[in-house]
Amino acid sequence: MNDVIIACDFSSQEELFTFLKPFQGLNPFLKVGMELYYKEGPQLVKKLKDMGCKIFLDLKLHDIPTTVHKAMKNIASLGVEITNCHAAGGILMMQEAKKGLKEGSIDGKETLLIAVTQLTSTSDEIMNNELLIPGHVNDVVKAYALNAKKAGLEGVVCSALEASIMKEIGMISVTPGIRFADDSKDDQKRVATPSYAKELGASYIVVGRSITAATDPVAAYKRCVKEFC
């Protein structure tokens, strides 16, 4: 199951396709997030699928259950491999998200649904003082993950530092905040190297600037795969 997902945080499909040219034949797993999706829409996802790429559609749905249900039904028609919603929306919202994906699936293919727990930019201090959630981040992540499991979801988005917790409770972990040891942490608080994420039991790692901003992105990608898979 281990795989490296490239976070394609580009402002346009032109930038993305320029970046992907050297990857021809590798068919990497790509994360399409809000920045690209809101600019280019579902047609971009379809183009990438036609190219043979696997897609993690990272839109982090968080709304009333009915709205999330309908949105997920539309997402299912794109045939992406993974998508997500916020665990903070509650168990009923996550159940409706799962139901929408099942209803909208094409050719019987089901999209893996995972829940966002706490962002990797969230520290204990931010969670306690700004979000008014007491305790430690990893305890809240575990509680949210257990709710996601009750709702029928397959896994969660969490930092690699919580991946071992997910393994204990039988949940897949998709872990952003991955950096090589010699990289800057930028705006991430809870980070890990690809090899450390593997050691902690992460199922997937999501790698952005360490690949996309590298002098040789293909070499950086292959380095990630070698260290993690």
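The values are calculated or read from the model by the stated rules, or taken from the named source; none is laboratory data. Since we're looking at a predicted model, the values are computed, not measured. Quick reminder, even Gly has a Cβ in these numbers, built from the backbone with ideal geometry, and neighbours come from all protein chains shown. Calculation scope for accessible area: heavy atoms of the full protein, side chains included, ligands and nucleic acids excluded. Shrake-Rupley method; radii C 1.70, N 1.55, O 1.52, S 1.80 Å.
Things to note:
- Its relative contact order, with pairs defined as Cα atoms under 8 Å and 6+ residues apart, puts the chain at 19 percent.
- Heavy-atom surface analysis with a 1.4 Å probe gives the chain a carbon and sulfur content of 51 percent of its accessible area.
- Counted charge near Phe228, where neighbours are those whose Cβ lies closer than 13 Å (Asp, Glu -1; Lys, Arg +1): +2
- Per residue, in Å², the accessible surface of the chain once ligands and nucleic acids are set aside, probe 1.4 Å: 46 Å²
- Cβ crowding within 10 Å averaged over residues, with 120-127, 106-113 ranked highest first: 120-127, 106-113
- Positive contributions from Lys and Arg (+1) and negative ones from Asp and Glu (-1), summed over other residues with Cβ under 12 Å from the Cβ of Leu146, come out at +1.
- Pairs of Cα atoms nearer than 8 Å and 6+ residues apart set the relative contact order; for segment 78-146 it is 35 percent.
- All other residues whose Cβ lies under 13 angstrom from that of Leu101 are scored, Lys and Arg at +1 and Asp and Glu at -1, for a net of +1.
- His136 exposes around 110 Å² of accessible area when a 1.4 Å probe is run over every protein chain in place.
- Of the complete DSSP H runs in the chain, those spanning 18 angstrom or more by Cα along the long axis with a mean Kyte-Doolittle score not below -1.0 are 91-104, 137-150.
- Per-residue [θ]222 nm for the chain (sum of -39500 (n - 2.57) over DSSP H runs n ≥ 4, rounded to 500): -12500 deg cm²/dmol
- Size descriptors for segment 7-96 (Cα atoms only): Rg and Dmax, in that order, 13.9, 43 Å.
- Percent RCO, i.e. relative contact order, over segment 1-121, from Cα pairs under 8 Å lying at least 6 residues apart: 21 percent
- Residues of type aspartates and glutamates that Lys21 reaches as a straight line, Cα spacing below 20 Å, ignoring anything fewer than 8 places off in the same chain: Asp9, Glu40, Asp50, Asp216
- Here each label is just a point 7 Å from Cα along the line to Cβ, and for Lys222 and Ser77 those points are 4.1 nm apart.
- Surface accessible to a 1.4 Å probe, Arg209 within the full protein complex, Å²: 110 Å²
- In Hz, Karplus ³J(HN,Hα) per residue of segment 207-214 (6.51, -1.76, 1.60; θ = phi - 60°; x = Gly, Pro): 10, x, 4, 5, 9, 5, 9, 6
- Histogrammed with a bin width of 10 Å, the alpha carbon distances of the chain distribute as 8, 33, 38, 19, 2 percent, first bin at zero.
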